[in-house]
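Values in this text are rule-based calculations from the coordinates and carry no lab data. Please read all numbers here as calculations on a predicted model, not as lab measurements. All Cβ positions, even for glycine, are placed from backbone atoms using ideal geometry, and neighbour counts span all protein chains on display.
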Amino acid sequence: MRILLLGAPGAGKGTQAQKLMADRGLPQISTGDLLRGAVAAGSALGRKAKAAMDAGELVSDEIVLGIIRERLAEGDTANGFILDGFPRNVAQAEALEDVLGEVGQPLDAAILLDVDFDILMKRLTGRRTCSKTGKLLNIHFSPQAELDECIANGGELLQRPDDNEQTIANRLEVYRSQTEPLIEYYRERDKLRVIDAEGEVAAVHKRLLEAVDD
Ligand code: AMP
């Protein structure tokens, strides 16, 4: 199964892709994670990407397409994959179509995680990662026991550097102007499935599984 998750920053793509990966044994391919890895490793590519990421802008198509081509060529994608955060504009979607077309493995579905704007803001400003376990948490929505557990185990609740209010506003604007047109792009190609992505993680996951199996 070859699918991609579409949605604004904070729609829950990363959380849901991780759960789907665990359920279906498909690799989650997140260009955001791959880019953060390159930044942390201090590679030339990471140094080029960092300024755009810090500002909430898109990293150049050239860089992103380079890393995605490399990642899709790895063996674990043979039975499918879940793309998370890619494509983010029409040029990237066209490039993806070409890459998958070359190997005769077209995309099965683009699933839009639909979330109201006010909830996106709370999800993004409250988002934290436990330094100990890597678990994604939210100071507004996670059960207090889960937040406490991270601290009790010697972890810290880390905030992504691009989750500050200024950068968040820019990322949402970039989504609206550059990524949202992909909804029409995939609708026209009969690949679009839309799910309500508000509410509990488990409830959204159930809706996602129904959409995947549709
Ligand atoms: P994410 O973790 O998906 O929110 O991505 C974090 C940041 O990485 C974005 O704000 C962009 O700067 C960059 N990024 C991730 N995916 C892409 C992409 N497909 N195209 C361009 N930039 C991207």
| Tally, over the stretch 147-158, of residues that are surrounded by fewer than 14 Cβ atoms within 10 Å (Cβ to Cβ) and under 23 Å from Asp33 (Cα atoms) | 1
| Test for Thr125: is it among the polar types (S, T, N, Q), within 15 Å of the ligand (Cβ to nearest atom) and over 15 Å from the mean Cα position of the chain (by Cα) | yes
| said: Whether any residue in the stretch 27-44 is within 16 Å of Thr129 (Cβ to Cβ) and of a type in the set (Lys, Arg) is what I want to check. | reply: yes
| Criterion: out of contact with any Lys or Arg (no Cβ under 7 Å at 6 or more places or on another chain) and over 16 Å from Gly7 (Cβ atoms) - qualifying residue of Asp116, Asp23 | Asp23
| Which of the residues spanning the stretch 1-26 are more than 15 Å from the ligand (Cβ to nearest atom) and within 18 Å of Arg176 (Cβ to Cβ)? | none
| task | Could you please let me know if Met53 is near the ligand (Cβ under 7 Å from one of its atoms), more than 9 Å from the chain's Cα centre (by Cα) and among the hydrophobic types (A, V, I, L, M, F, W, C)? | result | yes
| query | Within the stretch 63-118, how many residues are polar (S, T, N, Q) and within 12 Å of the ligand (Cβ to nearest atom)? | reply | 2
| task | Determine, yes or no, whether Leu72 is within 20 Å of the chain's Cα centre (by Cα), surrounded by 15 or more Cβ atoms within 10 Å (Cβ to Cβ), under 17 Å from Gly37 (Cα atoms) and of a type in the set (A, V, I, L, M, F, W, C). | result | yes
| Is one or more of the residues making up the stretch 110-130 out of contact with any strand residue (DSSP E or B) (no Cβ under 9 Å at 6 or more places or on another chain), among the small types (Gly, Ala, Ser) and without any contact (Cβ under 8 Å) to a residue 24 or more places away in the chain? | no
| request: Just give me the residues in the stretch 90-124 being surrounded by fewer than 19 Cβ atoms within 10 Å (Cβ to Cβ) and part of a loop (DSSP other than H, G, I, E, B), in sequence order. | output: Val103, Gly104, Gln105, Pro106, Asp108, Asp116
| request: Filter the stretch 96-110 down to residues that are within 22 Å of Pro9 (Cα to Cα) and out of contact with any Lys or Arg (no Cβ under 8 Å at 6 or more places or on another chain), then give me how many there are. | output: 1
